[in-house]
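S.K.: Handing you a structure now.
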Amino acid sequence: MRHSILILVGILAISVSCTNFKEEDPSVSLSADLQELSFGWKSTERQLTVSSGSRWYVSMLPSWVSLESIDGSTRSPYEWGVNFLAEKNDEYDREGTVEIRNETGELIDISVKQDGAKGKYIALESLEINPALTTIIEGQSQQLSVRYYPTNTSEREVVWTSSNSDVAQVSESGLLTAKSVGNAIITVHSEDGSHKAQCSVSVISNTIRVTGISLDKTSLSMTEGSTETIT
């Protein structure tokens, strides 16, 4: 709401300023002295000069840029100094466009760029779970980890799920807990769901049953009074 009010006030300010023509001259084309406005990540003011022989207005602004003022007092009848202010940007670098039009139908676009406190946004390309295959004993836990590609991606929020939580449960941090004997698939996916990876889990019993017995000797000869150990 604050942005909308600022933009509306700015457009009104332009309308008022642009009525102070000494004499309109459509032969003076609409132009600006800059093709790009660059802001630091902290809120910073930037100015450009607009020239036009007919009345003009700002028809589009990025939501994070406000029109601060129009100054025509020290200019020729066809020039105005226009001040813009960008909000503080605690996120990633961003871009936008300032669009200016006049009554004769001319249009100019001025690109707007602002540095972000977190730098350039780097998109996620793929995910991988380590390990991708694991066998775990019933009742035990194991920490799973995620590998991001590229490793410096800006997208690091993921969601963990289990195909069978009765067999294997997984926490928000990727901690795997074996609940009962069986198989399950653990999946991790990016927050928007566009990338995912899986880990196959086998849970085995914590009870080890004897399947056979053997001795280290199959025959033995002994003399009276002697001893022998059989394993």
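The values are calculated or read from the model by the stated rules, or taken from the named source; none is laboratory data. Since the structure is predicted, the reported quantities are computational estimates derived from the model, not experimental observations. Here the Cβ positions follow ideal geometry from the backbone for every residue, glycine too, while neighbour counts run over all protein chains shown. Keep in mind that these areas ignore ligands, DNA and RNA; they rest on the heavy atoms of the full protein, side chains included. Shrake-Rupley method; radii C 1.70, N 1.55, O 1.52, S 1.80 Å.
S.K.: Check whether at least one residue in the stretch 11-26 is at pLDDT 90 or above, open to solvent by 50 Å² or more (accessible area, probe 1.4 Å) and of a type in the set (D, E, K, R), and report yes or no. Quick ask: steps written out before the conclusion?
M.R.: Going residue by residue through the stretch 11-26, those that are at pLDDT 90 or above are none.
No.
S.K.: To continue, here is another question. Would you mention how many residues in the stretch 106-118 are of a type outside the set (A, V, I, L, M) and open to solvent by less than 60 Å² (accessible area, probe 1.4 Å)? Before the answer, list the steps.
M.R.: Taking the stretch 106-118 as the starting set, the residues that turn out to be of a type outside the set (A, V, I, L, M) are 106, 109, 111, 113-116, 118.
With the extra rule that they be open to solvent by less than 60 Å² (accessible area, probe 1.4 Å), the set shrinks to 106, 111, 114, 116.
Number of matching residues: 4.
S.K.: So, one more: Restricting attention to the stretch 186-231, which residues are charged (D, E, K, R), without any contact (Cβ under 8 Å) to a residue 40 or more places away in the chain and either surrounded by 10 or more Cβ atoms within 10 Å (Cβ to Cβ) or closer than 30 Å to R156 by Cα (or both)?
M.R.: Residues of the stretch 186-231 charged (D, E, K, R): 191-192, 196, 209, 216-217, 224, 228.
From what is left, the residues that are without any contact (Cβ under 8 Å) to a residue 40 or more places away in the chain are 191-192, 209, 216-217, 224, 228.
Once the filter is applied, which keeps residues that are charged (D, E, K, R), without any contact (Cβ under 8 Å) to a residue 40 or more places away in the chain and either surrounded by 10 or more Cβ atoms within 10 Å (Cβ to Cβ) or closer than 30 Å to R156 by Cα (or both), the stretch 186-231 yields E191, D192.
S.K.: I'm checking my understanding of the structure. Among residues of the stretch 204-231 that are within 30 Å of I136 (Cα to Cα) and β-branched (V, I, T), which one is modelled with the lowest pLDDT?
M.R.: At the first step, the residues of the stretch 204-231 found to be within 30 Å of I136 (Cα to Cα) are 204-214.
So of that shortlist, the ones also β-branched (V, I, T) come out as 204, 207-208, 210-211, 213.
On the way: I204: 95, T207: 81, I208: 71, V210: 76, T211: 82, I213: 89.
The qualifying residue modelled with the lowest pLDDT is I208.
S.K.: Then there is this: So which of L61, L85, L144, L124 ends up being touching a helix residue (DSSP H, G or I) at 6+ places or on another chain (Cβ under 6 Å) and either β-branched (V, I, T) or surrounded by 16 or more Cβ atoms within 10 Å (Cβ to Cβ) (or both)?
M.R.: Working: L85 fails: touching a helix residue (DSSP H, G or I) at 6+ places or on another chain (Cβ under 6 Å); L144 fails: touching a helix residue (DSSP H, G or I) at 6+ places or on another chain (Cβ under 6 Å); L124 fails: touching a helix residue (DSSP H, G or I) at 6+ places or on another chain (Cβ under 6 Å).
Selected residue: L61, the only one of L61, L85, L144, L124 that is touching a helix residue (DSSP H, G or I) at 6+ places or on another chain (Cβ under 6 Å) and either β-branched (V, I, T) or surrounded by 16 or more Cβ atoms within 10 Å (Cβ to Cβ) (or both).
S.K.: So, in the stretch 128-163, how many residues would count as being out of contact with any Leu (no Cβ under 7 Å at 6 or more places or on another chain), over 13 Å from C199 (Cβ atoms) and polar (S, T, N, Q)?
M.R.: Number of matching residues: 4.
S.K.: Let me confirm something: among N152, N183, N164, which residue is touching a Gly at 6+ places or on another chain (Cβ under 9 Å), open to solvent by 40 Å² or more (accessible area, probe 1.4 Å) and either more than 30 Å from L34 (Cβ to Cβ) or not in a loop (DSSP other than H, G, I, E, B) (or both)? Can you show your working first?
M.R.: Details: N152 fails: touching a Gly at 6+ places or on another chain (Cβ under 9 Å); N183 fails: touching a Gly at 6+ places or on another chain (Cβ under 9 Å).
Answer to the selection: N164.
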